[in-house]
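As structure tokens, the structure follows; a few thoughts come after it.
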């Protein structure tokens, strides 16, 4: 790999996606995955599946809190409902 290819690869990973109300769309699939994994873990009665489900649930809660806080920041800054 050449230096230019490596530099271009790093540049791709440093791009940031601006936050917007559409980020709430991330929460639904995560919530569905969390719910399905919890139901499956409870039906299988296996501790590893339960632990994995709890990790997914914790990650979902963190994502929801971050999205909630950032949405309220945008709302109070006046940038959420721009026309």
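The values are calculated or read from the model by the stated rules, or taken from the named source; none is laboratory data. Predicted model, so just to flag it, every value in this text is computed and none were measured. Because the Cβ atoms are built from the backbone with ideal geometry, glycine has one as well, and the counts that use them run over all protein chains shown.
Somewhere in the range 37-49, is a residue more than 11 Å from the chain's Cα centre (by Cα), over 30 Å from residue 79 (Cα atoms) and part of a loop (DSSP other than H, G, I, E, B)?
Taking every residue of the range 37-49 in turn, at least one turns out to be more than 11 Å from the chain's Cα centre (by Cα), over 30 Å from residue 79 (Cα atoms) and part of a loop (DSSP other than H, G, I, E, B).
Could we say that residue 52 is modelled with pLDDT of 90 or more, loosely packed, with under 10 Cβ neighbours inside 10 Å, part of a helix (DSSP H, G or I) and out of contact with any strand residue (DSSP E or B) (no Cβ under 6 Å at 6 or more places or on another chain) here?
Criteria not met by residue 52.
Answer yes or no as to whether residue 63 is assigned to a helix (DSSP H, G or I), under 14 Å from the mean Cα position of the chain (by Cα) and modelled with pLDDT of 95 or more.
In short, no.
If residue 4 passes every condition in (1) surrounded by 10 or more Cβ atoms within 10 Å (Cβ to Cβ); (2) at pLDDT below 75 but one, which one does it miss?
Unmet for residue 4, out of (1) surrounded by 10 or more Cβ atoms within 10 Å (Cβ to Cβ); (2) at pLDDT below 75: (1).
Any residue in the range 11-24 that is at pLDDT 90 or above and surrounded by 10 or more Cβ atoms within 10 Å (Cβ to Cβ)?
yes
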